[in-house]
Structures are given as C-alpha cells and as structure tokens.
Amino acid sequence: QVQLVESGGGWVQAGGSLNLSCVASGFTFNTYAMAWFRQAPGKDRALVGAISWNENTNYARAVKGRFTISRDNAKNTVYLRMNSLKPEDTAAYYCAADYSGVLHTRIPEYDYWGQGTQVTVSS
C-alpha cells in the first residue's frame, strides 16, 4: 500500500523558517521524482518544487532562492526547507510522487499524493 505522510507544518511569523518532511512507503522511492505542491484557500493547487530521481530540481518562481527541496533515498524521505517565509506562503502543502522519475510541473503527472500539512505564516 502506497503512503506519503507529511509532517513539519505549523504556524510561524513572517521571516521565519520551517522544515517539511514526507516519508514514503509502498513503492520504489529512489526511482520516482518527488515534489511539493501547495494550495491556499480559494486557489488552485500549484507546484512549489520538484526533485528528480537523480536530484535535478526546479522551483516555482515565487519560492526560488527561499525554499530548498532535497531527498534522502536511504530514509525514503523528501524534504522542503522553507526560509524567509511570507504570509502569501500560507497554504496546505502536499507531497507527491511521479513514476517517470523526471521533473514535471502538472498535477496529472503525479501518481501518488499525501494528505497535506498546513503552513500558516503571520505578518
């Protein structure tokens, strides 16, 4: 059974940092691309950052330079380090896995999803 379990969300003041984690099970983690998406109330879910099986990365323009995605294949875990957080980063953050292993940006290209973790940034 495939599972993606996110953790690390919470409340933080603007300018602060958070580290999100997503532990995967039930598939061959090291061959999949992994990504973080986010969805704010009333808005569409959108890519935050993605990492390929061989650790190429890409980021949404809004977070480039502030957020870092990384993976630890030994722990079946993908991380999102978020620095210099802004109120507009407030959203539910979702972990996703893509069988192709390469970098994709669109939701339909991802095969598995976690339940999400809430991040709230106050001004």
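The values are calculated or read from the model by the stated rules, or taken from the named source; none is laboratory data. Everything numeric in this text was worked out from a predicted model, so none of it was measured. All Cβ positions, even for glycine, are placed from backbone atoms using ideal geometry, and neighbour counts span all protein chains on display. Remember, those area values only see protein heavy atoms, side chains included, never the ligands or the DNA or RNA. Shrake-Rupley method; radii C 1.70, N 1.55, O 1.52, S 1.80 Å.
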| field | Neighbours by Cβ (under 9 Å, 6+ apart or cross-chain): first from the stretch 80-105, among the basic types (Lys, Arg); second open to solvent by less than 40 Å² (accessible area, probe 1.4 Å) and modelled with pLDDT of 95 or more | value | ARG81/LEU18; ARG81/LEU20; ARG81/PHE67; ARG81/ILE69; LYS86/ARG66; LYS86/VAL121
| remark: Among residues of the stretch 18-35 being open to solvent by 50 Å² or more (accessible area, probe 1.4 Å) and not in a strand (DSSP E or B), the residue farthest from ASP72 (Cα to Cα) is GLY26
| query | Would you pick out the residues in the stretch 43-57 that are part of a loop (DSSP other than H, G, I, E, B) and either at pLDDT below 95 or crowded, with 19+ Cβ neighbours inside 10 Å (or both)? | reply | SER52, TRP53
| note | VAL63: passes all of (1) within 20 Å of TRP113 (Cα to Cα); (2) of a type outside the set (Lys, Arg); (3) under 14 Å from the mean Cα position of the chain (by Cα) but (1)
